[in-house]
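Visitor: The structure under discussion is supplied below as structure tokens; questions concerning it will follow.
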Amino acid sequence: MISQASSNPHILFYDVTVAQFPSPSHPVTPANSGTVAPRPAPVRHWLENLFRCREVDRDPRLKIICATLLFYFFLTFFDWWHSSESLSTQGNQTFNYAPAAIFQNLRWLIFMDVGQTKIYLYALGMLALLGLFSLFYLRSSLLAMGLLAFLWANKLFFYLCDIRLFHNFHHFHLFFTLVFLLSRDKLRFFRAALAVGYVMSAVVKISPSWLQGEYFNSLPDKLPLLPKISWVVTATSIGVFVMEFFGPWAWFTTITWLRRLTFGLFILFHLYSGVLIAFWYTALMVPLVVAAFLRFNRPLQAGWRFHPRHLAPLGIIAFVILSGLYHYCLPGDVRLTYEGRYFGFFMFDANRQITFETEIQKGDKTWDVQVFRPFLTGAAENDEDGAAQITGAYFEDGYLRTKSAVVRPIEDGGQVVFNPEFFAKLDNLKSGDPYLYYFFARELMRRYHPDRVSLRLEVQLNGHIESVRLLDIPDFGKLNPTYSSFKHNDWITLPDATSPAAYRWP
């Protein structure tokens, strides 16, 4: 054997080449039986299996979805960078701190000052871009998926630290990202998440604001690009509800043209909605819907077989459905009470006019502050015409000393008694939430220890001239109310038989 190889140099060269330089696809086991062939790092292998990175690597549609979710994190942290003060220790010091109800007793979670918060939010935005670039530069999507998980945890934390940041598109983003991260058979479950998102968006529209067209008919310009006729607006509102509630069910049928029709309708809907609410919602949904519908040539359930790894996305979807229905288990109109509202998706559900008045008394000093927010005149929730108007009067020994607009914090003895920014940063959708006024009074009692604090909150919906009083607490300290996120709070007044008919739904 050796002599034959020596007599033929070509055979010798071939044998040595194969022995010394094996192909990566055909590795050769070393001659030494005690040597173990190299294996992937255990942690890397576990993470790739957890996030199902190979699915993303193989499918351009999943890469588009992942890229969109990462870019939306960049947009989010860029926007929240401007809210760094309220997300830092300074927000708590200046009475400009408004956490979600489940975070109301966790002030210690905020530990960074303004500068540190700005730097950290900036770093999170850069990490989102890094993940986006790595998705198309590296062969493996592991870095992008790992950053996606890290950014999701950070967004959820800051999101709960300030309820004024709550928006429906952020709810969508967090939901879609979590399903994308934890699902096996990602494209199928992402499509299912889209279906659930649309159906639950329709569920929150079951109110006179949408089914009777009250919201858009209360606006002077009604709906842009459409005739300014009330019945047209009402028909369009009902049409959106029908499309969102019934459209996703077409994805389970074998009728190809019906699935394509829903695709076209949803794309047109999101493009048109951008005219109303600018880029936030449209920038998230359009690329996600387009990527999810590409080559959607079979029903959503075709070829599906249950796997234990499917429990995670199925559990997330079930939780979202139950959360979106929870407010129906509580008494009263959720447009007024807000109880259970933020557990699920929440569209702009009413055009509100708010009048809030508080009287703060300590010793011989009394402040009477009124916050008035008029009806919106445009469809955007942050319409400048609907900005808060805050006025205050200061009494000493029962005599009026000053009365003027409140444009800066009111202080007494170095302690902030009232910060107008707390209310000015509320948009029309959240400005009627009784929890925010409860939290203001509770924090005021803790910080300033006044002798008495009174609260009165009146709300009007969708242009109705009648108002309903939700809060009427003459002495907050004496009542000492608590707020529960999971049941009705008795100190929030519910409309009764004597209330205007417009506010006795359902």
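Visitor: Send over a whole-number figure in Å² for the accessible area per residue of the chain, probe 1.4 Å. Could the numbers behind the result be given before it?
Guide: Working: 24440 Å² over 506 residues.
Ligands and nucleic acids excluded, the result is 48 Å² per residue.
Visitor: Show me the trypsin sites (Lys or Arg not before Pro) within the range 457-489 that DSSP assigns to loop and that have at most 15 other Cβ atoms within 10 Å of their Cβ. Mind showing how you got there, number by number?
Guide: Values: sites: 469, 478, 487; in loops: 487.
Sites meeting the loop and neighbour criteria: 487.
Visitor: Right, here's the next one. Determine the share of the chain's accessible area contributed by carbon and sulfur atoms, expressed in whole percent, with a 1.4 angstrom probe.
Guide: On the way: 15570 of 24440 Å².
Heavy-atom surface of the chain belonging to carbon and sulfur, 1.4 Å probe: 64 percent.
Visitor: Would you mind working out the magnitude of the charge dipole of the range 407-506 relative to its Cα centre, with +1 at each Lys and Arg C-beta and -1 at each Asp and Glu C-beta, to the nearest 20 Debye? Please list the in-between numbers first.
Guide: Values: 12 positive and 13 negative charges, 37 e Å.
Its charge dipole is roughly 180 debye.
Visitor: By how many degrees, 0 to 90 and rounded to 10, does the Cα axis of helix 186-203 deviate from the longest principal axis of the chain?
Guide: Here the helix axis deviates by roughly 20 degrees.
Visitor: Just to make sure I understand: if all protein chains stay in place, what is the order of 157, 306, 476 by accessible area at 1.4 Å, largest first? Please report the intermediate quantities before stating the final value.
Guide: Details: 157 60, 306 115, 476 10 Å².
The ordering from most to least exposed comes out as 306, 157, 476.
Visitor: Determine, at each q value in 0.08, 0.09, 0.11, 0.12 (inverse angstroms), the log₁₀ of I(q)/I(0) that the Debye formula gives when each Cα of the chain is one equal point scatterer.
Guide: -0.60, -0.73, -1.02, -1.18
Visitor: Report the label-to-label distance for residue 302 and residue 156 in nanometres (one decimal), using points 7 Å from each Cα along the Cα→Cβ vector.
Guide: About 3.4 nm, to one decimal.
Visitor: Name the residue from 231, 130, 402 whose Cα lies farthest towards the positive end of the charge dipole of the chain, charges +1 on Cβ of Lys and Arg and -1 on Cβ of Asp and Glu.
Guide: Looking along the dipole axis, the top candidate is 130.
Visitor: Separate question: If I ignore ligands, DNA and RNA and count only protein heavy atoms, how much of residue 122 is accessible to a 1.4 Å probe, in Å² to the nearest 10?
Guide: Residue 122 has an accessible surface of roughly 140 Å² with all protein chains in place.
Visitor: A further question on this structure: Identify all lysines with a Cα-Cα distance to residue 63 below 25 Å; exclude those on the same chain that are fewer than 8 residues away in sequence.
Guide: Hits, sequence-local ones excluded: 155, 186.
Visitor: So how far, in whole Å, is the C-alpha centre of the range 454-506 from the one of the range 358-372?
Guide: 21 Å
Visitor: Rounded to the nearest 10 Å², what accessible area does residue 304 have for a 1.4 Å probe in the complete protein model?
Guide: 90 Å²
Visitor: For the range 304-354, with the dipole built from +1 on Lys and Arg beta-carbon atoms and -1 on Asp and Glu ones, taken about the Cα centre, which of 337, 314, 326 lies farthest toward the positive end?
Guide: Result: 314.
Visitor: Whole-Hz ³J(HN,Hα) for each residue in the range 414-430, computed from phi via Karplus 6.51 cos²θ - 1.76 cosθ + 1.60 with θ = phi - 60°, x for glycine and proline: what do you get?
Guide: Karplus-based 3J(HN,Hα) across the range 414-430 equals x, 10, 6, 8, 8, 10, x, 4, 4, 9, 5, 7, 6, 8, 5, 5, 9 Hz.
Visitor: Using only Cα atoms and rounding to the nearest 10 degrees, what angle (0 to 90) does helix 168-182 make with the longest principal axis of the chain?
Guide: 30 degrees
Visitor: Under 5 Å between amide hydrogens, which residues at least 5 positions from residue 412 or on another chain qualify, with H placed 1.01 Å from N in the peptide plane?
Guide: 417
Visitor: On a straight-distance basis, which aspartates and glutamates could pair with residue 205 in a cross-link, Cα separation under 13 angstrom, same-chain partners fewer than 8 positions away excluded?
Guide: Cα-Cα hits under 13 Å: 214, 244, 333, 349.
Visitor: Only Lys, Arg, Asp and Glu count, each charged at its Cβ (+1, +1, -1, -1), so figure out the dipole size of the chain about its Cα centre, rounded to 20 debye. The partial results should precede the final answer.
Guide: On the way: 45 positive and 39 negative charges, 428 e Å.
Approximately 2060 debye in magnitude.
Visitor: Here is a further query. Out of the range 235-304, which trypsin sites (Lys or Arg not before Pro) are coil in DSSP terms and have no more than 13 other C-beta atoms within 10 Å?
Guide: Working: sites: 259, 260, 295; in loops: 295.
Those that pass, being in a loop and sparsely packed, are 295.
Visitor: List the lysines whose alpha-carbon lies under 21 Å from that of residue 365, not counting same-chain residues fewer than 8 positions away?
Guide: 403, 478
Visitor: Under a plain spin-label model, where a point goes 7 Å from the Cα along Cα-to-Cβ, how far apart in nm are residue 229 and residue 294?
Guide: In this crude spin-label approximation the distance works out to 4.1 nm.
Visitor: What residue among 250, 296, 283 has its Cα farthest toward the positive end of the dipole of the range 245-360, where the charges are +1 on Lys, Arg and -1 on Asp, Glu, each on the Cβ?
Guide: With unit charges placed on the Cβ atoms, the residue in question is 296.
Visitor: What net charge do the residues around residue 450 carry, taking every other residue with its C-beta under 15 Å from that of residue 450, with Lys and Arg at +1 and Asp and Glu at -1? Please list the in-between numbers first.
Guide: On the way: positive: 362, 365, 442, 446, 447, 452, 478; negative: 359, 364, 368, 396, 411, 412, 443, 451, 475.
With Lys, Arg at +1 and Asp, Glu at -1, the net is -2.
Visitor: For residue 449 and residue 488, what is the calculated FRET efficiency with R₀ set at 25 Å and r taken between the beta-carbons, to the nearest 0.05? Don't skip to the answer; put the middle values down first.
Guide: On the way: r = 29 Å, r/R0 = 1.17.
Here the calculated transfer efficiency is 0.30.
Visitor: Then there is this: Using unit Cβ charges (K, R positive; D, E negative) and no other charged atoms, how large, in debye to the nearest 20, is the dipole of the range 430-485 about its Cα centre?
Guide: Numbers: 8 positive and 7 negative charges, 48 e Å.
Once rounded to the nearest 20, the dipole reads 220 debye.
Visitor: With every protein chain in place, what's the accessible area of residue 102 (1.4 Å probe, Å², nearest 10)?
Guide: 100 Å²
Visitor: Let me ask something additional. On a C-alpha basis, how far is the centre of the range 112-165 from the centre of the range 189-267 in Å? Whole number, if you could?
Guide: So the two Cα centres are separated by 32 Å.
Visitor: Where does helix 142-161 land angle-wise versus the long Cα axis of the chain, in degrees 0 to 90, nearest 10?
Guide: The angle comes out near 10 degrees.
The values are calculated or read from the model by the stated rules, or taken from the named source; none is laboratory data. Quick caveat: nothing in here was measured; it's all calculated off a predicted structure. Backbone-built Cβ (ideal geometry, glycine too); neighbour counts: all protein chains shown. Heavy atoms of the whole protein, side chains included, go into the accessibility calculation; ligands, DNA and RNA do not. Shrake-Rupley method; radii C 1.70, N 1.55, O 1.52, S 1.80 Å.
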